[in-house]
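The values are calculated or read from the model by the stated rules, or taken from the named source; none is laboratory data. Predicted model only: the values in this text are computed from it and were never measured. Methodologically, a virtual Cβ is constructed for each residue, glycine included, from the backbone with ideal geometry; neighbour enumeration extends over all protein chains shown.
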Amino acid sequence: MQDFALEKKPFLKSLFIRYMKKLFTFLLLLLSLFSLATEPSGYYNAAVGKTEAALKTQLYTIISTGTANVGYDGLYNVYPTSDLTADGKVWDMYSTCTWTHGVKKCGNYSAVCDCYNREHSIPQSWFNEQSPMVSDAHHIYPTDGKVNGQRSNYPHGECSGGTTLAGGKGRLGSSTFAEYSGTVFEPDDEYKGDFARTYFYFATRYQNIMTSFVGGPTFDHTTYPSLATWSIDLYLKWSRQDPVSKKEIDRNNAIEVFQHNRNPFIDHPQLAEYIWGSHKGEPWSLSAGIDPLKIEFTLSPNPVRDNITVKSDEINLRYSIFNLNGQTLIENQLIATQTISVNQLENGIYLIQLKSGNRKTIQKFVVSK
């Protein structure tokens, strides 16, 4: 019987060593990625106990220290992990188009779905295209070029009617939001919270330049509050109506790998209330906003086509599915892990509530067929 011991087979031993080195390198890479799956331990500790302007300034220090600039062209290297749909495509908040990462980048366009480019949710003209703002992935999203052009440098807002391009999302029209008049771009309801938390981030990350050259009607040209009164009211409304989604969490984690900073208003969305909203004057803590009555559950897939799976470790739960008008569409008892048919629902945004006694938790999901 032949002896295949590695010590007696130098060639096999060499192959084995090379294989183990590659495996070890891969495991180190994997470990580094997993270590960034959530905020680093102690990342926000220095902000604990602060209020309003002091809280905002401390967050500015945290998210402005040790950052890296990926460069304007480097944004396309970030998007394959930061803006990735479940089927591996580009996640575009401005259109229904399907993009492959790195393919059909703008370029010229004449219609929706011609190409995708980099949308500065805070328009470049508002900060004179200066660095590092011009390449900060936390506020720059891959979007359809035509809709990006339609949005132009108009502020966000709410409008009645307005113009939505064929194949596009969002609409352009005259503001109907109190305290501001003029032309505004209103994103889809599904992404209003995303943009609100983006603006909270920008007003905090770049508060040091707010008095110098950041323009646009959304900002008030002060270090604090940085945002105009009407835009504070708008974005707080959107942030409350559209809670943090898994998409935002995944994006925040991915961008940290490249830029070495995070959006604190995704990690701790209640921070906005302590700086601008209902908890002004109260000291912030890491436990703020944690609901002891919350029921933990996950939804998949989301967006969904026909069937959505609800998974929870709890028992004796009841679920209800509502539309955005608050009408109950589906209601029943929930088994710990259960697949629910939503085939009868039309495309749109819905809310699912899990309830047990006086405990209840709501998540949103999107039907897209």
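When each of 345, 286 is tested for being in a loop (DSSP other than H, G, I, E, B), at pLDDT 90 or above and not assigned by TED's automatic domain parsing to the domain that holds residue 204, the lone residue that passes is 345. When you check residue 191 against the structure, is it assigned to a helix (DSSP H, G or I), crowded, with 19+ Cβ neighbours inside 10 Å and hydroxyl-bearing (Ser, Thr, Tyr), yes or no? It is true that residue 191 is assigned to a helix (DSSP H, G or I), crowded, with 19+ Cβ neighbours inside 10 Å and hydroxyl-bearing (Ser, Thr, Tyr). Inside the range 232-246, can you point out the residues that are closer than 21 Å to residue 156 by Cβ, modelled with pLDDT under 95 and surrounded by fewer than 20 Cβ atoms within 10 Å (Cβ to Cβ)? Across the range 232-246, the qualifying residues are 240, 241, 243, 244, 245. For the range 272-284, does any single residue satisfy the condition of being more than 30 Å from residue 76 (Cα to Cα), among the polar types (S, T, N, Q), in contact (Cβ under 8 Å) with a residue 60 or more places away in the chain and out of contact with any helix residue (DSSP H, G or I) (no Cβ under 7 Å at 6 or more places or on another chain)? No, the range 272-284 contains no residue that is more than 30 Å from residue 76 (Cα to Cα), among the polar types (S, T, N, Q), in contact (Cβ under 8 Å) with a residue 60 or more places away in the chain and out of contact with any helix residue (DSSP H, G or I) (no Cβ under 7 Å at 6 or more places or on another chain). Exactly one residue out of 351, 324, 317 is under 18 Å from residue 190 (Cβ atoms), of a type outside the set (Asp, Glu) and surrounded by 15 or more Cβ atoms within 10 Å (Cβ to Cβ): that is 351. Note on the range 124-173: among residues that are touching a Ser or Thr at 6+ places or on another chain (Cβ under 6 Å) and more than 30 Å from residue 63 (Cβ to Cβ), the one that is modelled with the lowest pLDDT is 160.
Looking across the range 101-154, the residues that are without any contact (Cβ under 8 Å) to a residue 12 or more places away in the chain and more than 30 Å from residue 207 (Cβ to Cβ) come down to 103, 108. Residues in the range 208-231: is at least one hydrophobic (A, V, I, L, M, F, W, C), buried (at least 23 other Cβ atoms within 10 Å of the Cβ), under 23 Å from residue 47 (Cα atoms) and assigned by TED's automatic domain parsing to the domain that holds residue 134? Yes, that holds for at least one residue.
Of a type outside the set (A, V, I, L, M), under 21 Å from residue 223 (Cβ atoms) and either in contact (Cβ under 8 Å) with a residue 40 or more places away in the chain or not assigned by TED's automatic domain parsing to the domain that holds residue 320 (or both): is that true of residue 269 in this structure?
Working: of a type outside the set (A, V, I, L, M): yes; under 21 Å from residue 223 (Cβ atoms): no; either in contact (Cβ under 8 Å) with a residue 40 or more places away in the chain or not assigned by TED's automatic domain parsing to the domain that holds residue 320 (or both): yes.
In short, no.
Residue count for the range 344-354 satisfying the condition of being in contact with a Phe, Trp or Tyr (Cβ under 9 Å, 6 or more places away or on another chain) and more than 14 Å from residue 298 (Cα to Cα): 2.
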